[in-house]
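The values are calculated or read from the model by the stated rules, or taken from the named source; none is laboratory data. Being a predicted model, the structure only gives us computed values, none of them experimental. Don't worry about glycine lacking a Cβ; one is built from the backbone with ideal geometry, like all the others, and counts go over all protein chains shown.
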Amino acid sequence: MSMAPEHAPTMARLSLAQRLAPWMPVLLVPLLVVAGLLAIPNTSSWLTLTVSGLAMGMMIFLMASGLTLVFGLMDVINFGHGAFVSVGAFVGVSVLLMLGGLTGAPSLALNLAAMGLAVIGAMLATGAMGWAFEKVIVEPVYGHHLKQILVTMGGLIVVEQLIIVLWGPEEIYISRPEALKGAITFAGAALEKYRLVAVGLGLVVFAGMRWTLRRTKIGLIVRAGVENGEMVQALGYRLRLVFVGVFIAGSALAGLGGVMWGLYQEVVSAHMGNQAMILIFIVVIIGGLGSVEGCFIGALLVGLMQNYVAFLEPKVALISNIGLMVAILMWRPMGMIPVVKAK
Amino acid sequence: MSDPILRLEGVYTNIAQYHILQGVELEVPRGAVTMLLGRNGVGKTTTLRTIIGHWRARQGRILLDGQDITQMPTPAIARAGVGFVPEDMGIFANLTVEENMVLAAVSGPIDSARLDWVFQAFPPLKTFWKSEAGNLSGGQKQMLSIARAMVEERRLYLIDEPTKGLAPAIVSTMARALRELKAQGASILLVEQNFSVARALGDSACVMDDGRIIWSGEMRELATDAALQERLMGLSMEAH
């Protein structure tokens with residue numbers, strides 16, 4: 001056999017536009033914030049709305065991040081994801097009501113301890129429920145999208161009815177822990193303490209997820225599985241176990257999001273998860289199915305857009321996020337940070 | 001000859017209503033390169049995918065070192081020591097070259113001596129170590145695909161058309177790497193359409209037609225008998 005010349009590749013230097021292209025979705029958030037500043041003449045109102053939008057975005061991210069991974073990893077469309085949000089909220093609120101002594105005390109440490117217990121309780125309950133949901137409802141319909149939609153939708157209805165059986169049909173009103181009520185004033189703007197906590201928590205969860213996905217072997221398996229599950233298995237990894245783990249983690253995160261969302265609205269109802277699903281789906285779609293980073297950016301955009309538009313033109317607020325989705329999909333039809341799937 | 005490392009006994013595989021494999025009888029000798037040859041669509045890729053467990057054999061047995069792996073799940077087959085390089089390369093485009101390799105090292109951290117050997121075989125992988133695999137050229141992706149299988153010692157390598165669609169320069173790089181793998185005593189079942197590569201690497205050969213092995217023997221014998229090639233594959237390989 002004749003020998004061909006050596007293959008000696010070199011690294012090409014990318015142009016500025018090429019180097020910036022992957023960062024364009026990230027730049028959308030500061031661009032929207034600047035647009036908000038230009039559109040809202042009062043700086044303190046703008047700052048309040050921005051923090052409020054970021055807090056809302058973080059909570060939507062908590063609820064949506066599990067769904068995007070579940071879809072990306074196993075191609076499962078889970079319309080029942082909202083059930084975990086509702087159950088998480090009810091369990092969390094129940095724990096908080098039981099810990100009235102802690103939540104009513106004017107001590108940030110005691111209040112945060114109560115919230116921590118509520119979050120742990122909610123995440124344990126929704127994680128366990130996620131395991132059962134995957135086993136009973138999702139597993140039999142792998143590979144059948146239409147059946148997945150119908151069956152998971154049915155699962156959602158069943159869970160909503162179970163909530164009504166367990167907690168009653170009425171909405172439950174809950175006030176935030178004492179130290180998290182009210183606002184602090186910064187640069188003339190009133191920033192609600194609870195929203196600042198939500199922003200902090202969202203950032204911590206995002207950083208944790210990103211670290212897990214980027215720096216650990218299990219994260220590598222998940223990212224590779226999103227792209228080409230068959231090959232991950234051919235390398236020797238039991239993707240089924242990984243998927244169940246991701247489903248449980250995603251359900252637990254939705255439960256966490258449910259607690260935060262419930263306290264944000266100060267009322268919980270059996271249908272709150274179902275109502276949140278519209279925003280969750282918008283975020284998952286515009287982020288790029290299977291992309292955690294895309295989901296995070298999408299959630300921030302949705303939160304900011306909702307708050308700015310509700311202030312500027314309340315009647316348009318309802319459709320503003322649909323408009324955002326249309327605009328982003330016209331720019332990037334596969335979402336902002338699409339995950340390349342194996343053919 | 002010693003016991004074969006892999007033996008297929010009357011393997012039948014269906015894909016939906018199509019009967020692809022129809023009683024495949026195949027032996028892969030230990031420490032040798034076995035070429036799986038035949039025209040397009042005769043069942044070569046299906047044979048490899050059935051061995052690794054992506055498609056289930058409807059009938060028959062697949063024995064790896066005497067152990068029946070016919071109904072084992074794919075991850076268990078891989079962990080039993082079978083490395084698989086699929087026809088479409090199966091690289092993870094969103095992961096870096098490094099991450100692809102780390103993932104392929106199932107038993108733990110990558111052995112540095114082994115990695116040096118891989119870099120020696122495929123120098124571009126060192127150059128693009130931190131780059132996303134999706135940005136590599138077709139040839140570099142194929143290098144990564146084979147390097148992933150090489151990063152840990154396997155009992156058996158299943159490699160599907162590693163030179164398909166590649167430029168001659170890359171083909172010779174591939175052939176050299178596979179020759180090094182062979183020199184280390186690896187057992188390889190290789191599907192290959194490039195006859196000069198097949199002739200250079202193959203110790204034995206099996207020719208498929210209509211989902212069955214219709215001939216098996218020494219590669220040397222097949223390579224030197226144009227009439228046999230004509231009869232088995234409908235063309236003389238020398239024409240390649």
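Number of residues in region B:53-62 that are over 16 Å from B:Pro4 (Cβ atoms), more than 14 Å from every other protein chain (Cβ to nearest Cβ) and buried (at least 18 other Cβ atoms within 10 Å of the Cβ) equals 1. Can you tell me which residue in region A:220-259 is farthest from the other protein chains (Cβ to nearest Cβ), limited to those that are among the charged types (D, E, K, R) and more than 29 Å from A:Ala55 (Cα to Cα)? Residue satisfying both the conditions and the ranking: A:Arg240. Just one of the listed residues (A:Val34, A:Val26, A:Val91, A:Val85) is away from chain B (no Cβ under 14 Å), surrounded by fewer than 20 Cβ atoms within 10 Å (Cβ to Cβ), more than 30 Å from B:Val197 (Cβ to Cβ) and modelled with pLDDT of 95 or more, namely A:Val34.
Residue under question is B:Ala183, and the condition is that it be within 14 Å of chain A (Cβ to nearest Cβ), modelled with pLDDT of 85 or more and either more than 12 Å from the chain's Cα centre (by Cα) or within 23 Å of B:Gly43 (Cα to Cα) (or both); does it hold? For B:Ala183, the condition - within 14 Å of chain A (Cβ to nearest Cβ), modelled with pLDDT of 85 or more and either more than 12 Å from the chain's Cα centre (by Cα) or within 23 Å of B:Gly43 (Cα to Cα) (or both) - is not met.
Selection within region B:63-96: residues that are closer than 30 Å to B:Leu166 by Cβ and more than 11 Å from chain A (Cβ to nearest Cβ). The member of this set that is surrounded by the most Cβ atoms within 10 Å (Cβ to Cβ) is B:Leu64. Restricted to helices (runs of 4 or more DSSP H) entirely inside region A:10-77, those with at least 1 residues that are touching a Lys or Arg at 6+ places or on another chain (Cβ under 9 Å) and of a type in the set (Gly, Ala, Ser) are A:43-74.
Rundown of residues vs (1) in a helix (DSSP H, G or I); (2) surrounded by fewer than 18 Cβ atoms within 10 Å (Cβ to Cβ); (3) in contact (Cβ under 8 Å) with a residue 24 or more places away in the chain, yes/no style:
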| site | (1), (2), (3) |
| --- | --- |
| A:Phe243 | yes, no, yes |
| A:Leu263 | yes, no, yes |
| A:Gly298 | yes, no, yes |
| A:Leu329 | yes, yes, yes |
| A:Met334 | no, yes, yes |
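Can you find a residue that is assigned to a helix (DSSP H, G or I), under 21 Å from B:Leu228 (Cβ atoms) and in contact with an Asp or Glu (Cβ under 8 Å, 6 or more places away or on another chain) anywhere in region B:45-65? No. Looking at region A:190-228 only, could you name the residues that are in a helix (DSSP H, G or I), modelled with pLDDT under 90 and of a type in the set (Gly, Ala, Ser)? A:Gly225, the sole residue that qualifies.
The requirement of being away from every other protein chain (no Cβ under 14 Å), farther than 22 Å from A:Gly258 by Cβ and outside any helix (DSSP H, G or I) is fulfilled somewhere in region A:309-316, by at least one residue.
Does A:Lys217 qualify as being closer than 26 Å to A:Leu263 by Cβ and either within 14 Å of another protein chain (Cβ to nearest Cβ) or out of contact with any Ser or Thr (no Cβ under 9 Å at 6 or more places or on another chain) (or both)?
Details: closer than 26 Å to A:Leu263 by Cβ: no; either within 14 Å of another protein chain (Cβ to nearest Cβ) or out of contact with any Ser or Thr (no Cβ under 9 Å at 6 or more places or on another chain) (or both): yes.
The answer is no for A:Lys217.
Close contacts from region A:192-204, counting a first residue that is polar (S, T, N, Q) and a second that is modelled with pLDDT under 90 and part of a helix (DSSP H, G or I), with Cβ to Cβ under 7 Å and a gap of 6+ residues or different chains, come to none at all.
Of a type in the set (A, V, I, L, M, F, W, C), more than 30 Å from A:Glu170 (Cβ to Cβ) and in contact with a strand residue (DSSP E or B) (Cβ under 8 Å, 6 or more places away or on another chain): is that true of A:Leu213 in this structure? Here the answer is no, as A:Leu213 does not meet what is asked.
Residue-by-condition table, conditions (1) surrounded by 15 or more Cβ atoms within 10 Å (Cβ to Cβ); (2) within 14 Å of chain A (Cβ to nearest Cβ):
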{"site": "B:Gly10", "(1), (2)": "no, no"}
{"site": "B:Thr13", "(1), (2)": "yes, no"}
{"site": "B:Gln17", "(1), (2)": "no, no"}
{"site": "B:Leu21", "(1), (2)": "yes, no"}
{"site": "B:Arg30", "(1), (2)": "yes, no"}
{"site": "B:Lys44", "(1), (2)": "yes, no"}
{"site": "B:Arg49", "(1), (2)": "yes, yes"}
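Taking (1) more than 16 Å from the chain's Cα centre (by Cα); (2) within 14 Å of chain B (Cβ to nearest Cβ); (3) surrounded by 21 or more Cβ atoms within 10 Å (Cβ to Cβ) in turn, A:Pro338 satisfies each apart from (3). Residues that are surrounded by 13 or more Cβ atoms within 10 Å (Cβ to Cβ), closer than 30 Å to A:Thr103 by Cβ and free of Cβ contacts under 8 Å to residues at least 12 places away in the same chain within region A:136-183 comprise A:Leu162, A:Ala183, listed in sequence order. Sub-6 Å Cβ pairs linking a first residue in region A:80-99 that is assigned to a helix (DSSP H, G or I) to a second residue that is among the polar types (S, T, N, Q), at least 6 apart or interchain, are A:Gly82/A:Asn274; A:Phe84/A:Thr126; A:Phe84/A:Ser251; A:Val87/A:Thr126; A:Gly88/A:Thr126; A:Leu96/A:Thr103, ordered by first then second residue.
With respect to (1) of a type in the set (Gly, Ala, Ser); (2) touching a Phe, Trp or Tyr at 6+ places or on another chain (Cβ under 9 Å); (3) modelled with pLDDT of 90 or more, the lone exception for B:Gly202 is condition (2).
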